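Have a look at the structure below, then the notes.
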Protein chains: 2
Amino acid sequence: MVRVSLKVKLLHIETGGINIVVLNDEQAKDMDLKHLDRARVQNGRNPIICSVDITKVAVKKGEIGLFVEPEEKLKVKDGDILMVECVSKPKGLKAIRQKLDGKELDEEEIYDITRDIVNDALSDVELTAFIVSSYCRGLSLEEIYNLTKAMVKTGEVLDFGKGPVFDKHSIGGVPGNRTTMLIIPIVASQGIKIPKTSSRAITSPSGTADTVEVLCPVDLPKKKIKEIVDKHNGCMVWGGSFNLAPADDKIIRVEKPLSIDAEGQMLASILAKKISVGSNHIVIDLPMGPGTKLPTHERAEHLNEAFINMGKKLGVKIECIESNGSQPCGNGVGPSLEAIDVLKVLTNEPSQPKDLRYKSLLFAAKIFEMSGKAKKGKGMELAQKVLDSGKAYEKFKNIIKAQGGNPNIKISDIKVGSFIYEVKAECRGIITMINNKAIADIARAAGAPYNHGAGLFVKAKLSDAVNKGDLLMTVHAESRIKLLRAVEVLESKKVFTIQ
Amino acid sequence: MVRVSLKVKLLHIETGGINIVVLNDEQAKDMDLKHLDRARVQNGRNPIICSVDITKVAVKKGEIGLFVEPEEKLKVKDGDILMVECVSKPKGLKAIRQKLDGKELDEEEIYDITRDIVNDALSDVELTAFIVSSYCRGLSLEEIYNLTKAMVKTGEVLDFGKGPVFDKHSIGGVPGNRTTMLIIPIVASQGIKIPKTSSRAITSPSGTADTVEVLCPVDLPKKKIKEIVDKHNGCMVWGGSFNLAPADDKIIRVEKPLSIDAEGQMLASILAKKISVGSNHIVIDLPMGPGTKLPTHERAEHLNEAFINMGKKLGVKIECIESNGSQPCGNGVGPSLEAIDVLKVLTNEPSQPKDLRYKSLLFAAKIFEMSGKAKKGKGMELAQKVLDSGKAYEKFKNIIKAQGGNPNIKISDIKVGSFIYEVKAECRGIITMINNKAIADIARAAGAPYNHGAGLFVKAKLSDAVNKGDLLMTVHAESRIKLLRAVEVLESKKVFTIQ
């Protein structure tokens, strides 16, 4: 194999994930390296495998240009000498070729691909080829099972022993919907372990982690998370805090721009994250309805079955609840506005959003029944009692404090954007449709989730009777320009249908 | 839409094709731009659409980092101000989504995708999604037809009027095989128009354009090519000389690292290039056998049918010839060694490679019969006469001269690598197999095609009887280190099987 010494030239640019080095055209010809070929790069210590980009201008012959990712992994500076040699393509690429041709992959092949994904060894072209061929050819139940195991194996795990450990997940697509922040304290207050990790928003106005962050830090080290759950039975942290099934984020990075959400990979990603935190009982929210990921009952039913089957193979007890996803759940959309909703329900404020309260109780009840804390049909009663007694709020405050927040924060302490725009009914009638996608787009244009105080307060709900001029929704932004952007988006979309 | 002014920071790095700009994390959040979202970037004149990469280090808030591609298109320098605004994703992306879900694309959708490919408007992820979904779902005859037309429409064309214009193409995979350099002069000398464009090597030891380049320039402006063909009836130029079906190269850039050669895209690419140079009669070489792209007769037959059908739809007369591709054609492998083979055949040297001579005559004969220059069954006779009479060599010299080369170059003027290694038979027997792939790998390791004089002289052919110690092949390199590399590759592969 060709092996040469090259001088480091730092490029100070991130690739967004994969390891890329840049070689001069002449250097590459000399080594017979072509665009996207692989090189092993090392400075005496740990070698890393990089994709090769070829340039005529950025680096000279004898130099090697490093993007930020390989720079950080190799810990080198300008002018350092690196040993560079051509290597064959990553092992997973062979398996990806198989999938392109429609072959079912075995455990080892799926592990090879997953490890290459986690090690940033695949180029965008190669990773996309895996994701798209899996999407077009489909993944078998066995392949999804192996992908789940590989995702767990290539990441870090938490271990809470053999006893029951619960988790909850929502397929998403419904604005607001911060049930997690209510379910966790209700359930944990009754001694049930539920180490919940949540995501941040990618295209939505807020992820659970973004909303929790209004009240306390969510990015905690693994050791701290273990401590909190050991002591308080629950937590509400960001899933990116430690290296939890890291293949998932790398897959999402490719799926997002293509707007695909391949079922097989989705199942594997969700289950791998749950298994990695030690869960063996999972309740899954399947929000169904127009504008959600599950537009029909049949689709929801199909996914329900897939989850149950996967759970059986993995030795995890899974139950799904089909919920109505055709409108926002709660009034707030955006981190601070959602956090206010949650505090209202916990403190039993008269103005609390009844839909959010009810949905959270439903899921807590299911967990009580699965765990044996309540008999079949008696879970709701227990959940209500726990919430109304203030025990859930007490547990909530303990978790917020343990995560480093202020447990005594009041609703009035939470700032929402002071630049507001009110959306009023243009005619009298009944609200027959609410456009979730438009709600999300407006809230993002207003600045959510990066501006915590930005978002919407959605007052009107489906089947409400309204008069002309009644308030339907308030837009909140933290600056005039973002409010104007939100209003511009608002004016281009139909949010409420009144008939 | 959000529109801001940002200060240019040139990054001096190529992306290898697509337009990418880099924004600071904070800037992107402020504009609600995510990784791979699109921005319209302009400096008063023509706007271009770029994909957005997000950085924490490379550029500051208020700046826009430009890779070389957008820098050259916008003609800007450090510190210039650009107007940047978010735009929706390219139109072709919607069509790609349809293909991902298995829908047959219509003419307009395929045109949208092709135009986006040519305009570098798709990211690697998006372009790969199109190529892989087309590969997995397949392209219908109608889709291939529309892709061919779109590829022609999005590039430049040559026009030689309505009369018969011929072309010749080989599916490839056979080392040596420089029939084009013999077919063109034989055919053109008889007044048949054949404006041949050829490719350079990507993974092979030499492309036709690389070998022609040993004798004369191949990168000529479009106007010059037209002039040469108008005067001499033929040319032998590089297909990248002008913007000929430019979508093709961009598709190949993604297919290569995945080692896929999707049939539909291959058909469209080949035919679009031929139609773009004005051809309406095409002869196609289908090399068949172990180690080629067509391992079985059935595969070759299938491709033959696909070409004939596409030809009918496009109004182009196509005939295919199945050839034996199980060993190199000619003795030379690598630019200079192949050029020597060609000159030997043209000058009727006794040591000329008979297989290369015969195959070239076969294709020239087919063209003579298709054009009516010879009656059915009489083409071979005419082709032999033209070659043996020296008329083909005369035409060859005229073309070489017209393209700017020395028509009087002699075989002894062509330098081959002086660092040599001889491969000898290890036992007595009959040669029953020659590994084309190993031949290619060794020649590349020796420095071909970048070192023109590097490559192999393959003496032994299939069915030859050899004694232990007989010379099978000579490796040529231009430096000791490259010879050593080639020998290393040689020792790891089985090139000849003797039984």
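The values are calculated or read from the model by the stated rules, or taken from the named source; none is laboratory data. In this text the structure is predicted, and so the values were computed from the model without any measurement. As a convention, Cβ positions derive from the backbone with ideal geometry for all residues, glycine included, and neighbour counts pool all protein chains shown.
One residue stands out among those in the range A:122-178 that are of a type in the set (Phe, Trp, Tyr), away from chain B (no Cβ under 14 Å) and not in a strand (DSSP E or B): the one that is nearest to the chain's Cα centre (by Cα), which is A:TYR145. Does B:PHE419 meet the test of being touching a helix residue (DSSP H, G or I) at 6+ places or on another chain (Cβ under 6 Å), over 30 Å from B:GLY390 (Cβ atoms) and not aliphatic (A, V, I, L, M)? Taking the combined requirement at face value, the residue satisfies it. If you go through the range A:24-38 and keep only what is farther than 20 Å from B:VAL254 by Cβ and aliphatic (A, V, I, L, M), you end up with just A:MET31. All but one of (1) surrounded by 24 or more Cβ atoms within 10 Å (Cβ to Cβ); (2) assigned to a loop (DSSP other than H, G, I, E, B) hold for B:ILE202; state the number of the condition that does not hold. Of the numbered conditions (1) surrounded by 24 or more Cβ atoms within 10 Å (Cβ to Cβ); (2) assigned to a loop (DSSP other than H, G, I, E, B), the odd one out for B:ILE202 is (1). Looking across A:ILE270, A:ILE252, one residue alone is within 15 Å of the chain's Cα centre (by Cα), in a helix (DSSP H, G or I) and within 14 Å of chain B (Cβ to nearest Cβ). It is A:ILE252. Among the residues of this structure, A:THR497 does not count as one that is touching a Lys or Arg at 6+ places or on another chain (Cβ under 9 Å) and among the β-branched types (Val, Ile, Thr).
State which residue is nearest to B:HIS12 (Cα to Cα) when the search covers only the range A:32-84 and only residues that are of a type in the set (S, T, N, Q) and touching a Leu at 6+ places or on another chain (Cβ under 6 Å).
Selected residue: A:SER51.
Taking B:GLY417, is it of a type in the set (Gly, Ala, Ser), surrounded by 14 or more Cβ atoms within 10 Å (Cβ to Cβ), under 19 Å from B:ILE340 (Cα atoms) and in contact with a His (Cβ under 6 Å, 6 or more places away or on another chain)? First the steps, then the outcome.
Details: of a type in the set (Gly, Ala, Ser): yes; surrounded by 14 or more Cβ atoms within 10 Å (Cβ to Cβ): yes; under 19 Å from B:ILE340 (Cα atoms): yes; in contact with a His (Cβ under 6 Å, 6 or more places away or on another chain): yes.
So B:GLY417 passes the test.
Applying the set (1) within 14 Å of chain B (Cβ to nearest Cβ); (2) in contact (Cβ under 8 Å) with a residue 12 or more places away in the chain to A:SER259 leaves exactly one unmet item: (2).
Residues that are in contact with a strand residue (DSSP E or B) (Cβ under 8 Å, 6 or more places away or on another chain) and within 16 Å of B:SER269 (Cα to Cα) were ranked within the range B:301-318; the one that is surrounded by the fewest Cβ atoms within 10 Å (Cβ to Cβ) is B:ILE308. Candidates B:ILE400, B:ILE321: the one that is touching a strand residue (DSSP E or B) at 6+ places or on another chain (Cβ under 9 Å), surrounded by fewer than 19 Cβ atoms within 10 Å (Cβ to Cβ) and modelled with pLDDT of 95 or more is B:ILE321.
Taking the stated definitions as given, is A:ALA300 farther than 15 Å from A:VAL416 by Cα, free of Cβ contacts under 8 Å to residues at least 24 places away in the same chain and small (Gly, Ala, Ser)?
yes
Within the option set B:LEU286, B:LEU362, B:LEU303, B:LEU356, being of a type outside the set (Lys, Arg) and part of a strand (DSSP E or B) holds for one residue only, B:LEU286.
Table: residues versus (1) buried (at least 24 other Cβ atoms within 10 Å of the Cβ); (2) assigned by TED's automatic domain parsing to the domain that holds A:LYS395; (3) at pLDDT 95 or above.
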{"residue": "A:ILE192", "(1), (2), (3)": "no, yes, yes"}
{"residue": "A:CYS216", "(1), (2), (3)": "no, yes, yes"}
{"residue": "A:LEU220", "(1), (2), (3)": "no, yes, yes"}
{"residue": "A:LYS231", "(1), (2), (3)": "no, yes, yes"}
{"residue": "A:ASP249", "(1), (2), (3)": "no, no, no"}
{"residue": "A:ALA268", "(1), (2), (3)": "yes, no, yes"}
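Determine, yes or no, whether B:LYS231 is within 27 Å of A:ASP53 (Cα to Cα) and either away from chain A (no Cβ under 14 Å) or out of contact with any Leu (no Cβ under 6 Å at 6 or more places or on another chain) (or both). I'd like the intermediate steps shown before the answer.
Details: within 27 Å of A:ASP53 (Cα to Cα): no; either away from chain A (no Cβ under 14 Å) or out of contact with any Leu (no Cβ under 6 Å at 6 or more places or on another chain) (or both): yes.
No: the conditions fail for B:LYS231.
For the structure I just gave you, tell me whether A:ASP112 is out of contact with any helix residue (DSSP H, G or I) (no Cβ under 6 Å at 6 or more places or on another chain), away from every other protein chain (no Cβ under 12 Å), over 30 Å from A:LYS61 (Cα atoms) and not hydrophobic (A, V, I, L, M, F, W, C). Judged against the criteria, A:ASP112 is not a match. Scanning the range B:52-92 for residues being touching a Ser or Thr at 6+ places or on another chain (Cβ under 9 Å) and among the hydrophobic types (A, V, I, L, M, F, W, C) gives a total of 6. Considering only the range B:343-386, state which residues are of a type in the set (Ser, Thr, Tyr), over 12 Å from B:VAL187 (Cα atoms) and touching a residue at least 24 places away in the same chain (Cβ under 8 Å). Selection gives B:THR347 alone. Can you find a residue that is outside the structural domain of A:ILE431 (by TED's automatic domain parsing), acidic (Asp, Glu), crowded, with 18+ Cβ neighbours inside 10 Å and closer than 30 Å to A:LEU462 by Cβ anywhere in the range A:290-300? No, there is no match, as no residue in the range A:290-300 is outside the structural domain of A:ILE431 (by TED's automatic domain parsing), acidic (Asp, Glu), crowded, with 18+ Cβ neighbours inside 10 Å and closer than 30 Å to A:LEU462 by Cβ.
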